[in-house]
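Colleague: Structure provided below as structure tokens; questions to follow.
The values are calculated or read from the model by the stated rules, or taken from the named source; none is laboratory data. In this text, all values refer to a predicted model and were calculated from it rather than measured experimentally. A quick note on method: Cβ atoms are made from the backbone with ideal geometry, for glycine too, and the neighbour counts reach across all protein chains shown.
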Amino acid sequence: MATIAAATEDSKQPIRRKLRLSPSAISYLQATPLIAILGFFFLLPIAMITVVSFWDYDFAGLYPDFLTMNYTDTLGSWVTWKTYLNTLKFTAIVWALTLLIGFWVAYFLAFHIRKTSTQMILFLVCTVPFMTSNIIRMISWIPVLGRNGLVNSSLIKMGIIPQPIEWLLYSDFAVVLAMVHLYTLFMVTPIFNTLMRIDRSLFEAARDAGASGWQVLWNVVIPLAKPGMAIGTIFVVTLVMADFSTVQVMSGGQSASVALMMKNQMSLLQYPAAAANAVVLLAVVLLMVAAILRVVDIRKEL
């Protein structure tokens with residue numbers, strides 16, 4: 001019996017050698033479900049949009065073709081360039097404000113709140129407004145900033161202003177304010193996660209070396225928080241660049257963005273032109289993300 005078992009085991013050895021896979025092959029095999037999902041829900045739609053961007057169209061329908069007309073009209077129009085500059089302006093201002101607010105909120109939660117349970121409770125309190133719809137949180141500013149809204153009424157009653165301030169609502173100010181309100185949490189979360197990982201003994205070492213509080217902040221905290229700041233920047237930049245509803249509602253139709261321009265083109269059934277704009281916008285966002293990744297290595301956070 002022992003001889004038969006040994007012979008059977010020896011006969012299985014070649015089969016095991018044939019089925020043996022390299023570690024890299026096993027890694028690719030494990031990543032196959034994710035690749036399939038990303039390919040179907042991410043790469044395939046982008047490929048379809050790219051193909052449609054070269055089609056011809058009129059008021060009656062779409063015509064498969066290979067034309068560069070849509071890109072020529074998009075990149076050759078001063079209106080398009082002005083819209084992109086306006087979008088980049090919103091992105092830069094919202095990014096700067098969310099970074100400033102998000103960093104100090106995360107810093108307060110991470111270093112000034114001692115108990116972990118209190119930190120989590122306060123963090124959840126910050127997330128409560130984000131459990132409602134973006135549209136509801138956005139339009140909630142209208143009765144606050146309107147001509148007869150809370151702010152103008154209070155300032156007039158206190159005698160600070162003689163008449164309502166017109167630019168509080170339906171202006172670039174209102175757009176930026178609403179975007180900062182909508183997207184600050186996307187900056188707070190990664191920065192808070194990064195700050196919580198910092199070894200507190202580094203602060204003691206810096207103070208023992210004679211560093212002041214601001215020196216500790218500038219030379220220890222901020223450099224170690226850069227990966228979280230970079231992740232938050234990617235979130236905020238991509239969200240602002242793709243936002244059209246906030247620009248449309250809070251500016252009262254007086255301002256424009258690239259996403260709003262694409263939405264208007266789709267409402268007019270100009271799908272190839274909108275697809276060309278989408279491809280250009282995707283390229284711009286990818287270049288911005290690539291620039292961020294060149295400056296900061298976010299692999300420390302992943």
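Results for (1) assigned to a helix (DSSP H, G or I); (2) at pLDDT below 90, shown as yes or no for each residue.
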position	(1), (2)
Glu204	yes, yes
Trp214	yes, yes
Met229	yes, no
Ile234	yes, no
Val237	yes, no
Ser255	no, yes
Ala290	yes, no
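Colleague: Can you tell which of Thr233, Thr246 is farther than 17 Å from Leu99 by Cβ, polar (S, T, N, Q), crowded, with 19+ Cβ neighbours inside 10 Å and in contact (Cβ under 8 Å) with a residue 60 or more places away in the chain? Can you show your working first?
Modeller: Values: Thr233 fails: farther than 17 Å from Leu99 by Cβ.
Just a single option satisfies the conditions, and that option is Thr246.
Colleague: Something else about it: Any residue at all in segment 284-293 that's out of contact with any Pro (no Cβ under 6 Å at 6 or more places or on another chain), without any contact (Cβ under 8 Å) to a residue 24 or more places away in the chain and under 18 Å from Ala47 (Cβ atoms)? Don't jump to the end; show me each part of the working.
Modeller: First, the residues of segment 284-293 that are out of contact with any Pro (no Cβ under 6 Å at 6 or more places or on another chain): 284-293.
Checking the rest, the ones that are also without any contact (Cβ under 8 Å) to a residue 24 or more places away in the chain come to 286-287, 290-291.
Narrowing further to those that are under 18 Å from Ala47 (Cβ atoms): 286.
Yes; the residues of segment 284-293 include at least one that is out of contact with any Pro (no Cβ under 6 Å at 6 or more places or on another chain), without any contact (Cβ under 8 Å) to a residue 24 or more places away in the chain and under 18 Å from Ala47 (Cβ atoms).
Colleague: Another question, if that's okay. Residues of segment 102-120 being within 16 Å of the chain's Cα centre (by Cα) and surrounded by fewer than 17 Cβ atoms within 10 Å (Cβ to Cβ), which ones?
Modeller: Answer for segment 102-120, where residues must be within 16 Å of the chain's Cα centre (by Cα) and surrounded by fewer than 17 Cβ atoms within 10 Å (Cβ to Cβ): there is none.
Colleague: Tell me, which residue of segment 171-193 that is among the polar types (S, T, N, Q) and part of a helix (DSSP H, G or I) is surrounded by the most Cβ atoms within 10 Å (Cβ to Cβ)? Before the answer, list the steps.
Modeller: Step one: filter segment 171-193 for residues among the polar types (S, T, N, Q), giving 171, 184, 189, 193.
Going one step further and asking which of them are part of a helix (DSSP H, G or I), we end up with 189, 193.
Working: Thr189: 19, Asn193: 17.
The extreme case among them is Thr189.
Colleague: Continuing with the same structure: Could you grab me the full set of residues in segment 122-144 that are in a loop (DSSP other than H, G, I, E, B) and not small (Gly, Ala, Ser)?
Modeller: Matches in segment 122-144: Thr132, Trp141.
Colleague: Is it the case, given these coordinates, that Pro272 is in contact with a strand residue (DSSP E or B) (Cβ under 6 Å, 6 or more places away or on another chain) and assigned to a helix (DSSP H, G or I)?
Modeller: Working: in contact with a strand residue (DSSP E or B) (Cβ under 6 Å, 6 or more places away or on another chain): yes; assigned to a helix (DSSP H, G or I): yes.
So Pro272 passes the test.
Colleague: Search segment 181-205 for residues that are more than 13 Å from Trp104 (Cα to Cα) and pair each with any residue that is part of a helix (DSSP H, G or I) and among the polar types (S, T, N, Q) when their beta-carbon atoms are under 7 Å apart and the residues are at least 6 apart or on different chains.
Modeller: What qualifies is Leu182/Asn134; Leu182/Thr246; Tyr183/Thr98.
Colleague: How many of the residues making up segment 145-170 are of a type in the set (D, E, K, R) and either touching a strand residue (DSSP E or B) at 6+ places or on another chain (Cβ under 7 Å) or not in a loop (DSSP other than H, G, I, E, B) (or both)?
Modeller: Of segment 145-170, the ones of a type in the set (D, E, K, R) are 147, 157, 166.
Then drop every residue that is not either touching a strand residue (DSSP E or B) at 6+ places or on another chain (Cβ under 7 Å) or not in a loop (DSSP other than H, G, I, E, B) (or both), which leaves 157, 166.
The qualifying residues number 2.
Colleague: Ok, one more. Within segment 75-92, which residues are in contact (Cβ under 8 Å) with a residue 60 or more places away in the chain and either acidic (Asp, Glu) or under 12 Å from Thr233 (Cα atoms) (or both)?
Modeller: Thr91
Colleague: OK, next. Would a scan of segment 153-168 turn up a residue that is of a type in the set (Val, Ile, Thr), on the phi < 0 side of the Ramachandran plot and buried (at least 23 other Cβ atoms within 10 Å of the Cβ)? I'd like the intermediate steps shown before the answer.
Modeller: Narrowing segment 153-168 to residues of a type in the set (Val, Ile, Thr): 156, 160-161, 165.
Now restrict to residues that are on the phi < 0 side of the Ramachandran plot: 156, 160-161, 165.
Still in the running and buried (at least 23 other Cβ atoms within 10 Å of the Cβ): none.
No; the residues of segment 153-168 include none that is of a type in the set (Val, Ile, Thr), on the phi < 0 side of the Ramachandran plot and buried (at least 23 other Cβ atoms within 10 Å of the Cβ).
Colleague: Hey, Ala209 hits all of (1) surrounded by 21 or more Cβ atoms within 10 Å (Cβ to Cβ); (2) over 22 Å from Asp73 (Cβ atoms) but one; which does it fall short on?
Modeller: Failed condition: (1).
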